[in-house]
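Enquirer: Below: one structure in structure tokens.
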Amino acid sequence: MKLYGKVVGTNIPRADAKEKVTGTALFIDDLRFPRTLIMKVLRAKVPHAIINSINIDNAEKMPGVHKVFTGKSLGLDKNHLFGTCIFDQPPIAIDKVRHAGEVIAVVIAETESQALVAIKEIDVNLEELPFVLDAIEAADPNAPLIHEQNGNYRHVPTFVPIPKSNVFYMYQLKKGDHEEVFKDAEIIVEDEFEYPLMNHAAIEPHGAIARWDHTGDIHVWSSSQAPFVLREVLSDYFDIKQMTKLHIHIPYLGGGFGGKSDYTIEPLVTLAAKLVPGYHVKFVLTRKEVFIGSVLGRGMKGFMKLGAKSDGTLVGIEATQYYSDGAYGDTGCNVVLAGGHNCVGPYYFPNCNLKSFGVYTNSTPVGAFRGYGHPEGQFMVERLIDKIALKLDMNPNQLRMKNFLQHGDTNSLGQIVTRHNGDIRKCFTQTVAKLNETSLPPEDEEYFYGRAVVGLIKSPVQTANASSTVFLKFNEDLTVNISIGGVEMGQGCLTVLAQIASQTLHIPVERIRINYEINTQLTPYEWQTVASMTTMRVGNAIIIACEEAIKKFKTNAAEVWNCSLNDIVYNGTRVSYQDKTLSLKELVLGYQYPDGHTLGNPILSTGSSVVRNVTFPDLETGQYQPYEWTYGSQGVDLKINKTTGKISILHFVTALDAGKIINPALAEGQITGGVMQGIGQALKEKIEYDESGNMITTNLRKYAIPRLSDMPEKYSCIFIETPQPDGPFGARPIAEHPAIGPPSVILNAIQRATGISLTSIPVTTERMLELLRNGGE
């Protein structure tokens, strides 16, 4: 029997393309409901203060106002905190302000303008306290204490705080002789590094709508990457005894990059809705509020030391990283973990002593950001690898090739590296070869020119039981609906997952619809749409559901023919046994005889995929088992204008061993977007505060993200396809990886072009010009 042709590995149009280009796709701010009230908030303008009083009397009397409240007016106290790992955050400031921009009062009114007028009538009396924004300064025992209850907060056992300090989590990884890391070293290099706070700059701001019904049911519509985690957080905070009472709805997302995987405004909006039952309460952040009132990313200061033998063999690594995680630590603690163990990069070190600290600071909280701790740590190690090469007068590419992890090595976490993990040497050599296709111009009167190549590695940071589930239904016309809990936020999962289903079921991809509308009451469970795991984890669940559906077609036919289903052949349009055939249409609702009686059942199936053998970090060594790894390499050719300091990217190459590429065009789109984010972080982006502790980069004019004029003159994207044994058709994650290498490879190229060694970003045009004028100082 002939099977439907190959679709995995081909380019097909995006499933959501027409909706999005015609403007008919619905995002959070497009949703309209009857009986909707608008919520606006008053935010603190100081970074650290005691709340003496907030008078809301005049605001409550303003036209159109339904409710005004503060933390104290609702009687909230230190027990009213939410979280998942560390329960340290109230939905609204209660007794104390911990960052400029924190919500201190809320107005719910019939219109936005009425709410904004009422906000101005609120009188606030704050007693300012000393504040600290720098993570290293905040970790000092003499620093202003931001959380007096640190050490007493409810937390999971693996995240241990340091009481009576601003350190809410310390992670240490030990491997080999961690006390004598450099005993075999003949050369040592070290330096200090900074990777500043940054904003995700997703095109869509955060938004939420909540309704608390008189029945006690709660409906929340949110621009969230994690509906089921959000359900868990709200259930815990509001002490909801039955999750059947919670309905979390997710429309399309206009980008996330991790910034919408963390709960930010939803507990507060749900709390507001509880005060006006029967109404929808809507709150959509302004762009400024996205900066000061959601979550930021990155924010690391660190120190690293590498040791090597005179032939370039790496023997040890020490690193200490301080993460400025803002006013609340729950959303940043796993980034501290990831940055801690991934700072070794794709290299073999027999001895490791790695420490990372999650530190409270008086700034906007920090959460997930594309790459999740990997760019920060690997920025340090890749800069120092080049420093070793210079000190040994060794080719930096040869030094990297000599020390890349390989089959049989033990990585920093104690895992044995296998061939199926991928081929980083092939990634690296193909990156080098692609750059070498064009000769790098020599320095001339106008420009310096630089070239560099780095390695990278990425592991998905996820809970040890992260799982994906799907529901599959064959309709009467043999079209297929598949419901998933994964969120479509621009990455193209609706398309890729349909391709996986199409190839498994042997039916045209046009006949498959992956349902994007999420309602936790109806949608199958999905841990979160994070860690670049949707294709892999949801894809595996879809394959299982498709195989189960095929089995049910065969089971229906076996009842009709009274034979073993193992003898039945399925081809996507019909089933056959010996010389007998039945169309799938005859079987999709069960087989009905001419007299009306029916055998078999309608074709419905489920599938689930759970990560296996993932463990929590050992409290003594810090070693643990993550899921799998993706290796890659990135290279750059750039030029630097001697007169203006402008850095222009001539050619950027990314090679990833991502297993089977399901849709090459979408994969290349992910690479292009990730590279541009990385270039922006290397050359333009940085959150800045003034002397009063208020953020000054609060719009997209002051916070410079890359524009079309900043794009490389040439992109090259190379895929190595070492199959992942447990990946769908051999696929492994790909989405976050291209954002890891750009900062380190660009700074390496700058040093090779100019001799100027840099250990912090961004290297803006103005900064580069100043460095050139001052001889690198």
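Enquirer: Show me the trypsin sites (Lys or Arg not before Pro) within segment 240-317 that DSSP assigns to loop and that have at most 14 other Cβ atoms within 10 Å of their Cβ. Walk me through the intermediate numbers first.
Expert: On the way: sites: K241, K245, K260, K274, K282, R287, K288, R298, K301, K305, K309; in loops: K241, K260, K309.
Of the trypsin sites (Lys or Arg not before Pro), the ones in loops of segment 240-317 whose Cβ has at most 14 other Cβ atoms within 10 Å are K241, K309.
Enquirer: How high is the relative contact order of segment 665-777, given as a whole-number percent (alpha carbon pairs under 8 Å, six or more residues apart)?
Expert: Numbers: 103 pairs, mean separation 40.7, N = 113.
It comes to 36 percent, rounded to a whole number.
Enquirer: Let me ask something else about it. Can you give me the C-alpha center-to-center distance between segment 38-89 and segment 257-309, rounded to a whole angstrom?
Expert: Comparing the Cα centres of segment 38-89 and segment 257-309, I get a distance of 17 Å.
Enquirer: Relative contact order for segment 7-102: what percent, with Cα pairs under 8 Å and sequence separation of 6 or more? Can you show the working numbers first?
Expert: Working: 70 pairs, mean separation 31.9, N = 96.
It rounds to 33 percent for segment 7-102.
Enquirer: Considering only DSSP states other than H, G, I, E and B, which trypsin sites (Lys or Arg not before Pro) in segment 518-627 qualify as loop sites with at most 13 other Cβ atoms within 10 Å? Each step should come with its number before you reach the end.
Expert: Working: sites: R537, K551, K552, K554, R574, K580, K585, R612; in loops: R612.
Hits after loop and neighbour filter: R612.
Enquirer: Okay, moving on. Which whole-angstrom value gives the distance between the alpha carbon centres of segment 344-358 and segment 479-555?
Expert: Between the Cα centres of segment 344-358 and segment 479-555 lies a distance of 37 Å.
Enquirer: With the other protein chains left in place, how much accessible area per residue, in square angstrom, belongs to the chain at a 1.4 angstrom probe? Display every interim value, and only then the final one.
Expert: Values: 29530 Å² over 777 residues.
So the chain comes to 38 Å² accessible per residue, rounded to a whole number.
Enquirer: Here's something else I'd like to know. Place a +1 charge on the Cβ of each Lys and Arg in the chain and a -1 charge on the Cβ of each Asp and Glu, then give the dipole magnitude about the Cα centre in debye, rounded to the nearest 20.
Expert: Values: 73 positive and 84 negative charges, 287 e Å.
Once rounded to the nearest 20, the dipole reads 1380 debye.
Enquirer: I've got another one for you. What distance in nm separates the simple spin-label points at N562 and R35, each placed 7 Å from Cα in the Cβ direction?
Expert: 6.1 nm
Enquirer: Positive end of the charge dipole of segment 144-289 (Lys, Arg +1 and Asp, Glu -1 on Cβ, about the Cα centre): tell me which of L230, G259, F283 has its Cα farthest that way.
Expert: Of the listed residues, the answer is F283.
Enquirer: Among DSSP beta bridges lying fully in segment 127-249, give the percent that are antiparallel, nearest 5. Show your work: numbers first, answer last.
Expert: Values: 5 of 9 bridges.
Taking every DSSP beta bridge with both residues in segment 127-249, the antiparallel ones total about 55 percent.
Enquirer: If you add up the charges near I514, with Lys and Arg at +1 and Asp and Glu at -1, over every other residue whose beta carbon is less than 14 angstrom from its beta carbon, what do you get? Intermediate values should be presented prior to the final figure.
Expert: Values: positive: R14, K473, R511, R513; negative: D16, E19, E488, E510, E517, E526.
Result for the neighbourhood of I514: -2.
Enquirer: Around I240, under 15 Å between beta carbons, what's the net of Lys plus Arg minus Asp minus Glu among the other residues?
Expert: On the way: positive: R211, R231, K241, K245, K274; negative: D213, D217, E232, D236, D239, E266.
Overall, the nearby charge balance is -1.
Enquirer: Also: Can you pull the percent of the chain's accessible area that's carbon plus sulfur, 1.4 Å probe, other chains left in place? Numbers along the way, then the final one.
Expert: Numbers: 14600 of 29530 Å².
Carbon-and-sulfur percentage of accessible area, whole number: 49.
Enquirer: What is the Cα centroid distance between segment 378-444 and segment 171-243, reported in whole angstrom?
Expert: 30 Å
Enquirer: Provide the percentage of antiparallel DSSP beta bridges, counting only those with both residues in the chain; round to the nearest 5.
Expert: Working: 107 of 137 bridges.
Percent antiparallel among DSSP bridges in the chain is about 80.
Enquirer: Any idea what the relative contact order of segment 373-521 is, in percent, if you count C-alpha pairs under 8 Å spaced at least 6 apart? Don't skip to the answer; put the middle values down first.
Expert: Details: 114 pairs, mean separation 20.9, N = 149.
The value is 14 percent.
Enquirer: Let me ask something else about it. So which GluC sites (Glu not before Pro) in segment 153-256 are both in a DSSP loop and have at most 15 other Cβ atoms within 10 Å of their Cβ? Provide the component values of the computation, followed by the final result.
Expert: Working: sites: E179, E180, E186, E190, E192, E194, E232; in loops: E179, E180, E186.
Loop-located and lightly packed - E179, E180, E186.
Enquirer: In segment 393-549, what percentage of the DSSP-assigned beta bridges are antiparallel, given to the nearest 5? Walk me through the numbers before you get to the answer.
Expert: Values: 7 of 11 bridges.
Looking only at bridges with both residues in segment 393-549, the antiparallel portion is about 65 percent.
Enquirer: Okay, moving on. Tell me what the chain gives for mean residue ellipticity at 222 nm when only DSSP H runs of n ≥ 4 count, each as -39,500 (n - 2.57), the sum divided by the residue total, rounded to 500 deg cm²/dmol. Mind showing how you got there, number by number?
Expert: Numbers: 17 runs with 183 residues, N = 777.
Helices in the chain give a 222 nm mean residue ellipticity of -7000 deg cm²/dmol.
Enquirer: While we're on this one: Can you give the local net charge around K554? Use residues other than it whose beta-carbon is closer than 14 angstrom to its beta-carbon, Lys and Arg +1, Asp and Glu -1.
Expert: Residues close to K554 contribute a combined charge of -1.
The values are calculated or read from the model by the stated rules, or taken from the named source; none is laboratory data. Every value quoted in this text rests on a predicted model; they were computed, and no experiment measured them. Cβ coordinates were reconstructed from backbone atoms using ideal geometry, including for glycine residues, and neighbour counts include every protein chain displayed. The protein model used for the area step is the full one, side chains on, heavy atoms only, and it has no ligands, DNA or RNA in it. Shrake-Rupley method; radii C 1.70, N 1.55, O 1.52, S 1.80 Å.
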